[in-house]
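Encoded as structure tokens, the structure appears first; notes follow it.
The values are calculated or read from the model by the stated rules, or taken from the named source; none is laboratory data. The structure presented is a predicted model; accordingly, all values stated were derived computationally and were not measured. Using ideal geometry, Cβ is built from the backbone for each residue, glycine included, and neighbour counts are taken over all protein chains shown.
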């Protein structure tokens, strides 16, 4: 360790990609944010229009 040497914090770097935005909520809206799940959604193939699998399988 050098005498008189000051350790500086690392420089801030911008993250890659498009920045995420959060919608400004109205004061009367609930502030809780819950993620929606695909628990009860039936998967349908876009080629044969049958349920239970998707286009890839």
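Assorted remarks:
- Checklist (1) exposed (fewer than 10 other Cβ atoms within 10 Å of the Cβ); (2) in contact with a strand residue (DSSP E or B) (Cβ under 7 Å, 6 or more places away or on another chain) applied to residue 44, failing item: (1)
- Contact annotation: residue pairs with Cβ atoms under 9 Å, 6 or more positions apart or on different chains, pairing a residue in segment 1-28 that is at negative phi with a partner that is assigned to a loop (DSSP other than H, G, I, E, B), are 22/33; 25/31.
- For segment 10-23, the criterion of being modelled with pLDDT under 85, surrounded by 10 or more Cβ atoms within 10 Å (Cβ to Cβ) and assigned to a loop (DSSP other than H, G, I, E, B) is met by no residue.
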